[in-house]
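Working notes, structure below.
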Amino acid sequence: MKRVIYVLIAIAVVIGAYIGVFSYLKKEKIRIVDDQTGHIVKNDDTYLHYKVFNDKLLKRYGIDFRVILSNSDVDIDKKYDEFSSHLRKGASSLVLVSVDLKKGTLKAKMGAKSRKIFDDNFINSIKIKSKDPKKVAVKIVETFLDKALVETNKQN
């Protein structure tokens, strides 16, 4: 009888470990900031700033907001498809912003629902002047948040 109990406990531990690892890997696929420069780490102030912003957009508009920071050009179409397959729970639309810090350029791709808030004129008005990933990240969040708040006030 003791042997059966030990076997059942061992099976439960293995299953628990498997579920834990699978859960962790699934969460890691949902990166709200894909910092290819290595300056923004999960749980630092800038990342947490993004998380709060992302949560607000998700709750209010159903928009999952993601940012890629890099020192080179990024295939935004490929990344959009990749991120679209891993939307946060409750999201119906994705906004993907890619910033090339070397060139100081910004690209954005999003669904039709998000375009109602963040149109081409707005995207083209954003100027990237800093090469510091954290400063750029904060500027992007604040710029998009300001625009979202303006649009919310228009609707009320």
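Read the figures in this text as sums done on the coordinates, not as results from a lab. Just so we're clear, the structure is a prediction, and the values are computed from it rather than from any experiment. Virtual Cβ from ideal backbone geometry, glycine too; neighbours counted across all protein chains shown.
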Summed side-chain charge close to Ala148 - residues other than Ala148 whose Cβ falls under 14 Å, Lys, Arg +1, Asp, Glu -1
+2
Proxy reagent accessibility, fewest Cβ within 10 Å first, across Leu58, Leu96, Leu87:
Leu87, Leu58, Leu96
Amide H of Val95 versus every other amide H placed in the peptide plane: which residues, excluding those fewer than 5 positions away on the same chain, fall under 5 Å?
Asp64, Phe65, Arg66
Tally the DSSP beta bridges in the stretch 31-155 and give the antiparallel ones as a percent, rounded to 5.
35 percent
Summing Lys, Arg as +1 and Asp, Glu as -1, what charge do residues with Cβ under 14 Å from the Cβ of Lys56 carry, Lys56 excluded?
0
Please order Val97, Val138, Val67, Val150 by the number of other Cβ within 10 Å, starting at the fewest.
Val150, Val138, Val97, Val67
So for Lys113, Lys129, Lys147, fewest C-beta neighbours within 10 Å to most, what's the order?
Lys129, Lys113, Lys147
